[in-house]
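Shown next, in structure tokens, is the structure this report addresses.
Read the figures in this text as sums done on the coordinates, not as results from a lab. Nothing here was measured: the structure is a model prediction, and the numbers come from that model. Cβ coordinates were reconstructed from backbone atoms using ideal geometry, including for glycine residues, and neighbour counts include every protein chain displayed.
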Amino acid sequence: MRHPVARYLLQGVNYALFAAVVWYFSVAPAVEVLAPDEGVITVAFSHAGELREPCRKLSAEELGQLAQNMQVPMECPRERSPVGVRMTLDDRVIMDTVLKAPGLYEDGGVDIFHSARVSAGDYRLDIAMSDSVRNPGVRHRLEREISVRPGQIVLVRFQPERGFLVED
């Protein structure tokens, strides 16, 4: 059996070395995420496109062909429209994407996340979204002047009842 004092001494040395390594990597390596004159514009939201087909009322004949436990007066398809988002800054395209609804029946909402590094300054932001195959074209749009300061993160999010919101 080893001497208990030596064991505790070695254990203390090991803890000190571990603490020194953790301390070094927490302060020593300087990481510069952005250049001094840069900011970030981030678009982040979840959105479910409109249903591809509207609900329809089943006729008496159609209801009669269904099993008793399957008889519901309305038939509503689950598939959702793809969601397309296009963002420009001063007529320069920053993001242009179309995302198909996820899920086995394409019935889920899409998650949109995109970050772009930009030089600090004033910009004309235009973000447009289409989310319906039944009513094609842009259904939600935001056009506004924004100012990006060095080191700032400008967040663009979307709420169906309020539209696009910019937090700067």
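Tabulated values for the structure
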quantity	calculated
Three semi-axes of the equivalent ellipsoid, the stretch 1-43, Cα gyration tensor, whole Å, largest first	45, 10, 4
Cα-based equivalent ellipsoid, the stretch 114-155: semi-axes from gyration tensor eigenvalues, Å	28, 11, 6
Karplus 3J(HN,Hα) series, Hz, for the stretch 54-64 with 6.51 cos²θ - 1.76 cosθ + 1.60 (x for Gly, Pro)	x, 5, 9, 7, 7, 6, 4, 5, 5, 5, x
Which of Val22, Ser59, Val156, positive extreme of dipole for the chain (C-beta unit charges)	Val22
CD proxy at 222 nm, helix term only [per DSSP H run n ≥ 4: -39500 (n - 2.57); per residue of the chain; nearest 500]	-5500 deg cm²/dmol
Length-normalised contact order for the chain - Cα pairs under 8 Å, 6+ apart - percent	26
Diffusion coefficient, µm² s⁻¹, Stokes-Einstein with Kirkwood Rh over alpha-carbon pairs of the chain at 20 °C and 1.002 mPa s	103
Interchain or long-range residues, amide H under 5 Å from His140's placed H	Met129
Euclidean distance of C-alpha centroids, the stretch 43-92 and the stretch 1-33, integer Å	59
Residues Ser46 and Arg92, FRET efficiency given R0 of 35 Å [Cβ-Cβ distance, rounded to 0.05]	0.85
Relative contact order of the stretch 33-104, pairs being alpha-carbon contacts under 8 Å that are 6 or more residues apart, as %	28
Normalised contact order of the stretch 56-138, rounded percent, pairs of Cα under 8 Å and 6 or more residues apart	28
Interchain or long-range residues, amide H under 5 Å from Val118's placed H	Gly39, Val40, Ile41
Distant-in-sequence amide H partners of Ala48 (H built 1.01 Å from N, under 5 Å)	Val110
